[in-house]
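In what follows, a single structure is set out as structure tokens and then discussed.
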Amino acid sequence: MELKRVVVTGLGALTPIGNTVTEYWDALLAGKSGAAIIQQFDASLFKTQFACEVKNFNAEDFIDRKEARKMDQFAQYAMVSASEAVADSGLLDSNPNFDKIGVVWGSGIGGLKTFQDEAENFFGGDGTPKFNPFFIPKMISDIAAGLISIKYGFRGPNYVTVSACASASNAIIDAFNLIRLGKAHAIVTGGSEAGVNQMGMGGFNGLKALSTRNDSPETASRPFDADRDGFVLGEGAGAIILEEYEHAVKRGAKIYAEIAGGGLSADAYHMTAPHPEGIGARNVMISALEDAEMQPEEVDYINVHGTSTPLGDIAETKAIAQVFGEHAYNLNISSTKSMTGHLLGAAGAIEAIACILAVKNDIVPPTINHFTDDPELDNKLNFTFHTPQERTVNVAISNTFGFGGHNTSVIVKKFKG
């Protein structure tokens with residue numbers, strides 16, 4: 001069976017540094033930090049008092065008020081980013097077969113704020129079990145894919161992937177495979193997360209995973225810096241329209257880039273820590289290259305997982321050295337989490353969008369907040385510190401890794417007809 005080609009025809013983004021794709025991309029190139037003191041609740045008693053929140057967002061500007069109240073924030077984010085992507089693609093303008101359009105979404109946690117609110121209402125009351133009838137539908141992770149399909153009438157494959165911070169990338173790879181196997185003409189894919197609340201902040205603080213640089217939130221996300229002390233929690237969503245190449249050409253769609261391959265692996269090592277030698281990260285990049293039938297030397301840019309954790313950044317750079325050898329020094333590497341923070345289950349979506357736009361525009365977004373080289377890293381690598389770099393980007397890799405040892409790599413290549 002000959003596999004079909006899969007292209008990108010629409011994008012949508014709702015991020016801590018921009019509420020549309022254009023705003024997001026411009027902010028990446030400007031090196032804008034999205035970190036600030038938390039506004040959604042009083043975090044003054046928390047070890048970490050800042051995050052990368054979505055700003056100037058009112059769900060009712062996009063969604064009917066009655067419907068918005070039935071959705072957790074993560075689902076609202078999903079609906080808004082998907083709406084931008086669908087409109088951008090022009091998919092609905094061509095009288096499509098709705099039975100062959102699907103939604104494969106990612107979310108690592110789902111409706112955490114909804115769960116928190118209902119627990120507070122119950123335990124703060126007299127013990128009478130009075131729960132909102134929308135408690136369960138608002139909380140479950142799969143509701144995002146369901147709501148998108150309901151809005152548009154998309155009746156193709158429909159589900160949500162849950163693999164912690166790899167969730168959105170898992171969704172993108174699944175969507176890619178469904179289309180190239182002929183199971184769908186087009187799929188809305190990506191991910192959303194809304195973990196900036198008391199339970200989210202408290203839980204990650206309990207793990208000692210978050211930066212506690214409360215005196216300088218905007219510089220707290222410091223991938224590859226000697227003084228990095230943990231990641232900065234982010235929130236938001238990214239949506240991508242993947243489409244079968246011939247279907248896209250037939251309807252005259254604009255094409256951003258082509259998805260060339262995807263890799264999946266496990267560390268099989270620890271609940272939250274990466275394998276210290278980067279074995280899982282190494283294996284997933286090799287798997288993705290094999291899937292794309294590419295050689296390491298063909299890759300120009302890697303948008304790394306790069307969370308700004310002491311162990312993670314070291315393990316990933318070791319993996320890059322093992323896969324790319326001397327070619328590693330010809331690569332551009334950057335962590336856009338230095339600007340957006342870590343969007344957990346949505347990270348792979350907005351970072352894949354960064355790769356798509358890097359390939360389309362031949363420019364690599366930077367890693368910001370670098371002050372001191374880490375002697376445990378190979379500092380001859382080009383981490384694209386401080387400013388974007390213009391270069392030909394024919395092939396880019398988006399790496400995303402999750403608690404539990406889940407590893408994903410998505411390969412994007414320049415569309416050449």
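I'd like the full set of residues that are over 16 Å from Gly18 (Cβ atoms), in a loop (DSSP other than H, G, I, E, B) and either open to solvent by 50 Å² or more (accessible area, probe 1.4 Å) or touching a Pro at 6+ places or on another chain (Cβ under 7 Å) (or both), limited to segment 29-45.
Start the filter on segment 29-45 by keeping residues that are over 16 Å from Gly18 (Cβ atoms), which leaves 37-45.
Pick out the ones that are also in a loop (DSSP other than H, G, I, E, B) and you get 38-45.
Matches in segment 29-45: Gln39, Gln40, Asp42, Ser44, Leu45.
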Exercise for the section: May I ask you to say which residue of Ala281, Ala237 is in a helix (DSSP H, G or I), of a type in the set (A, V, I, L, M) and in contact with a helix residue (DSSP H, G or I) (Cβ under 6 Å, 6 or more places away or on another chain)? Expected result: Ala281
Fill in the blank from the handout: Contact list, first residue from segment 394-417 and in a strand (DSSP E or B), second anywhere and open to solvent by 10 Å² or more (accessible area, probe 1.4 Å) and of a type in the set (Phe, Trp, Tyr), beta-carbon distance below 8 Å, six or more apart or interchain, is Asn407/Phe401; Thr408/Phe401
Handout entry: Any hit, segment 115-138, residues being in a loop (DSSP other than H, G, I, E, B) and open to solvent by less than 30 Å² (accessible area, probe 1.4 Å)
Key = no
Practice task
Would you point out which residue out of Ala358, Ala319, Ala349, Ala354 is in contact with a Gly (Cβ under 6 Å, 6 or more places away or on another chain), under 23 Å from Lys254 (Cβ atoms), in contact (Cβ under 8 Å) with a residue 12 or more places away in the chain and not hydroxyl-bearing (Ser, Thr, Tyr)?
Solution key: Ala349
Fill in the blank from the handout: Considering segment 148-203, residues that are of a type in the set (S, T, N, Q) and touching a Leu at 6+ places or on another chain (Cβ under 7 Å), and then whichever is surrounded by the most Cβ atoms within 10 Å (Cβ to Cβ), we arrive at Thr189
Handout entry: Which numbered condition Ala144 misses (of (1) in contact with a Phe, Trp or Tyr (Cβ under 7 Å, 6 or more places away or on another chain); (2) open to solvent by 70 Å² or more (accessible area, probe 1.4 Å); (3) not polar (S, T, N, Q))
Key = (2)
Handout entry: Counted residues, segment 1-18 - those being free of Cβ contacts under 8 Å to residues at least 40 places away in the same chain and either within 23 Å of Thr307 (Cβ to Cβ) or open to solvent by less than 10 Å² (accessible area, probe 1.4 Å) (or both)
Key = 1
Handout entry: Qualifying residue in segment 286-295 (condition: closer than 30 Å to Phe154 by Cα, in a helix (DSSP H, G or I) and either among the hydroxyl-bearing types (Ser, Thr, Tyr) or open to solvent by 30 Å² or more (accessible area, probe 1.4 Å) (or both))
Key = yes
Problem - Residue tally, condition open to solvent by 10 Å² or more (accessible area, probe 1.4 Å) and not in a helix (DSSP H, G or I), over segment 68-85 - result: 3
Practice task
Could you grab me the full set of residues in segment 224-240 that are open to solvent by less than 10 Å² (accessible area, probe 1.4 Å) and over 20 Å from the mean Cα position of the chain (by Cα)?
Solution key: Asp225
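The values are calculated or read from the model by the stated rules, or taken from the named source; none is laboratory data. None of these values were measured; they are calculated from a predicted model. Note: ideal-geometry Cβ built from the backbone for every residue, glycine included; neighbour counts use all protein chains shown. For the accessible areas, the whole protein counts, side chains as well, though only heavy atoms, and no ligand, DNA or RNA atoms are used. Shrake-Rupley method; radii C 1.70, N 1.55, O 1.52, S 1.80 Å.
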